[in-house]
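Data first, discussion second: the structure below is written as structure tokens.
The values are calculated or read from the model by the stated rules, or taken from the named source; none is laboratory data. From a predicted model like this one, the values you see are computed outputs, not experimental measurements. Heads up, the Cβs are rebuilt from the backbone with ideal geometry, glycines too, and the neighbour counts pull from every protein chain shown. Calculation scope for accessible area: heavy atoms of the full protein, side chains included, ligands and nucleic acids excluded. Shrake-Rupley method; radii C 1.70, N 1.55, O 1.52, S 1.80 Å.
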Amino acid sequence: MAERVEQRLEDRIPELEQLERVGLFTHKEIRAVLRKVSALEYKIQRRALRKEDFINYIQYEVNLLELIKKRRARIGYSFKKDEIEHSILHRVHSLFNRATGKWKDDVQLWLSHVAFCKQWNAKHQLSKVFSTMLAIHSNKPALWIMAAKWEMETRLSSESARHLFLRALRFHPECPKLYQEYFRMELMHAEKQRKEKKEFEQAKMDLGEFNYSEEILNGEMARIVYRDASQKIKGVEFQLAVLSIAKLFDFTQDLQKEILESLQARYADDPLSWDYMARRELELGSLQPTEHSTKQKKVSEMAQREERCCAVFDEAVGAVPTEDMWKCYITFCLERYNRKTNSEELKQKRLERTLSVFSKAHESSLLSEALYKQWLQLLLDSSLSEKAVEVAEAATRHFSQSVETWHMRLQVLIQLKRDGVTQCFEEAIKHVKSKGTLPLWTLWVEWSEGTNSKEDTEALYQRSLHATTPAESVTMKEMYLDWTYRNSGYKKVKRLFTSLCENRPFSLDFFRKMIQIEKDQESCKMLHLREYYERALREFGSTNTDLWLDYIKEELSHSQGKPENCGSIHWRAMKMLQGDLVEDFVSKYTLLQTGHL
């Protein structure tokens, strides 16, 4: 191994001598490079190889290349690149080849090699990398697309890109993304040829035997790709994706028409298809020239375009009366309403239209729970409080077992300061199963704290502890403890704490809250603190190191504390804590003893 390392270091000597001779590096820096490289070489020559060692070596070489590049720019020296940079580049490629040969499945390693080749313009090497990588990772469409795009955009070889796409489709015959990118590539190729022909014609050059095929110039290859793909790939999403690509090119009107006709014929019952046809009315209107139009005229045109969209949507919800179709219609209306406009008339018209569509969807019983929430928010923002109360009630009729819907209705009633909040809470608890009702109980007690008497609120807290699941009652215990302290003082909260400790489960915050309450008292008693810490440790002593450390700190710092108890607490902690927590506790306890914690 040592002989191999020495040989590789000797191979470096010519480039290092050149670096020193031309003044890019000093003698001291060359020696530092040799020391570092020697250490890195030994690591990659070991029998048990580690990927991290190769990555570190490659990173060091890349940093060295960047430093040489900066030094060259600083002193204005651009010669001897073959003797210096090219040998380093060759070495980095060799390191990457060894690493990817050893860890073939690591895609990130391959992509790092690709990125390095692109950065240093190593086209020939990159072609080899792509070839090897695709032979191993032929199951990843994204890599095929990356390779084809490089062939098309960097090497300007549409033939190679086409060849890669066709190979990829043999492995992935039903991959939508591959077909989309192949379709795009053929259109780019056609556009490139159209530009070339136009330039030749403008220069009045004789093309000789070289003829441009009219079919290719008009995107016939892309049409073939589309037809082949549409037979294999079903779904409106693919059709819309291909159509959006075709719209980027100004010579694809016939192709766009064919895709559109296919979309309407094959997916007449799909909401996305109708959604696209409706939104298309906006774009068709925007193609008209409007440079000399007045603001009023522009507003009028926009209103007409939106009306045409809504006419299509109205037809759509009649033809496809589904929840998804109404969702598309409402989403469109909300998008238009949220668009900024200086015309109050247009904004009002958009609001009325949106509210009308919400009402129609509600009447058809095809409004989802999420859309009811959006409708409510819109009504509240528009100060239509009476209608908001009606809609909230309707939502809870449709989704009577949804905690979120009841929570939403109750928030509306509380926000608008309406009567009947208690009755609504009772109705909600009756309809909803006990599991998951925590948001309703927290809202109820928070509302009661500011509205009802102490007695009613306390009764509500007591009721919530029995009505919620054991896991959810933990939160209610914390809230109950906090409210009692704020409203009834220390003695009452201490009795309550003792009472609540009779029924598990507990949270750590429940105990910490009581410890903090005790510490807030003028006559804070260590006896009480010990009781609370001991209770907390019975529940969380095996999983929480900080609790033990806080207990020790309390004994050390409190005026009534007993520092001699710390040894006993430490011993108990070592017995109770599990796994790696013991080591964590020991290190923290050491820091505490040395005054660093």
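Quick notes on this one:
- For segment 2-59, a tally of residues being of a type in the set (Phe, Trp, Tyr), closer than 16 Å to residue 88 by Cβ and assigned to a helix (DSSP H, G or I) returns 2.
- Test: residue in segment 323-336 that is open to solvent by less than 20 Å² (accessible area, probe 1.4 Å) and outside any helix (DSSP H, G or I): no
- Among residues that are within 27 Å of the chain's Cα centre (by Cα) and small (Gly, Ala, Ser), residue 112 is included.
- Selection status of residue 151, surrounded by fewer than 14 Cβ atoms within 10 Å (Cβ to Cβ) and under 19 Å from residue 183 (Cβ atoms): no
- Within segment 343-359, the set of residues being more than 30 Å from residue 294 (Cβ to Cβ) and surrounded by fewer than 16 Cβ atoms within 10 Å (Cβ to Cβ) comprises 359 only.
- Hey, residue 523 touching an Asp or Glu at 6+ places or on another chain (Cβ under 9 Å) and of a type in the set (S, T, N, Q) or not: no
- Taking the criterion of being open to solvent by 10 Å² or more (accessible area, probe 1.4 Å) and either over 15 Å from residue 414 (Cβ atoms) or in contact (Cβ under 8 Å) with a residue 40 or more places away in the chain (or both), the residues of segment 388-400 that qualify are 390, 397, 398, 399, 400.
- Taking the criterion of being under 14 Å from residue 440 (Cβ atoms), more than 32 Å from the chain's Cα centre (by Cα), open to solvent by 40 Å² or more (accessible area, probe 1.4 Å) and in contact (Cβ under 8 Å) with a residue 12 or more places away in the chain, the only residue of segment 401-426 that qualifies is 414.
- Number of the exception - residue 435 against (1) surrounded by 15 or more Cβ atoms within 10 Å (Cβ to Cβ); (2) in contact with a Ser or Thr (Cβ under 6 Å, 6 or more places away or on another chain): (1)
- Within segment 332-364, restricting attention to residues that are in contact (Cβ under 8 Å) with a residue 40 or more places away in the chain and polar (S, T, N, Q), the residue that is farthest from residue 300 (Cα to Cα) is 364.
- For residue 397: the one exception among (1) farther than 30 Å from residue 511 by Cβ; (2) touching a helix residue (DSSP H, G or I) at 6+ places or on another chain (Cβ under 9 Å); (3) assigned to a helix (DSSP H, G or I): (2)
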